[in-house]
Amino acid sequence: MVYFFREQRIKDGVLATSEMIYERAREAALGKDFEIPHTVFAGGGGATAEAKIGARHDIPAPTAAISSETIQAGTTPQKTIMTYSIAMAAGNKNPELDIFTDNTKTMLKNWTVTPVQMRNTAKGIERCSGFPVQIFHDESGRLAVVRYPVLERQCHPWFLQNDEGKWRLDLDTMQKAIGFNQTNQFHFRMHNHPYLFGFTDLHFDRNGYPHE
């Protein structure tokens, strides 16, 4: 919570911690052993940090295991998503990574990302990659939606933009359009975004959850 509380984002800090507790409980129910976060993810924070709420100094930034220069957008949407997973697993939260759209870079400059969140993002992408995916493109071929089976509600869709043959993540629009409930199931909180072409075969209930 410390990362968020220092920026007066109390609600976000409680939510992020709740997600971490839920994920650990889910893994325990599956019989998985508890794993202490690796140093690359901790970086002075996470479960190994001493919570000095009143301290004025910043928590040291994690040392990324992979340099930003080597993290490049892919020639397919799926390649970029997997590259993003690698970047998160390596603890690289540079907002200027090549895999992000310009509007995403602007958003991430003011966005707090904790080591635990990066680790969970990488784990989530790895888990969802085991399911069949569908890729939808708009008429211009510039936008893409990567979608998992509808019933896999913990596997949210991805929005990407094509820029001269490279596919980049539009996390900014995703953050505005997609919400999550207490069990990390995604739903839409807005339907006036440019990626609706990827969901025309589905219908949504009043809470924004998709159905076939």
Q: Give a residue-ordered list of calculated ³J(HN,Hα) values for the range 140-148 (Karplus: 6.51 cos²θ - 1.76 cosθ + 1.60, θ = phi - 60°; whole Hz; x for Gly, Pro).
A: 6, x, 8, 10, 9, 10, 9, 10, 9
Q: With a 1.4 Å probe and all protein chains in place, put Thr183, Thr173 in order of accessible area, largest first.
A: Thr183, Thr173
Q: Can you check what the net charge comes to around Leu202, using other residues whose Cβ is under 11 Å from the Cβ of Leu202 (Lys, Arg +1; Asp, Glu -1)?
A: -2
Q. For Gln78, what charge total do you get from the other residues with a beta carbon under 14 Å from its beta carbon, if Lys and Arg give +1 and Asp and Glu give -1?
A. +3
**Q.** Sum of side-chain charges, Arg168 neighbourhood, beta-carbon under 13 Å (Lys, Arg +1; Asp, Glu -1)
**A.** -3
Q: Can you send over the solvent-accessible area of Trp167, 1.4 Å probe, protein chains only, in Å² to the nearest 10?
A: 10
Q.
Which trypsin sites (Lys or Arg not before Pro) in the range 111-164 sit in a loop by DSSP (not H, G, I, E or B) and have at most 13 other Cβ atoms within 10 Å of their own Cβ?
A. Arg142
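The values are calculated or read from the model by the stated rules, or taken from the named source; none is laboratory data. Model, not experiment: these values are computed from the prediction. Ideal geometry is used to build each Cβ from the backbone, glycine not excepted, and the neighbour counts take in all protein chains shown. These area figures cover heavy atoms from the full protein model, side chains too; ligands, DNA and RNA do not enter into them. Shrake-Rupley method; radii C 1.70, N 1.55, O 1.52, S 1.80 Å.
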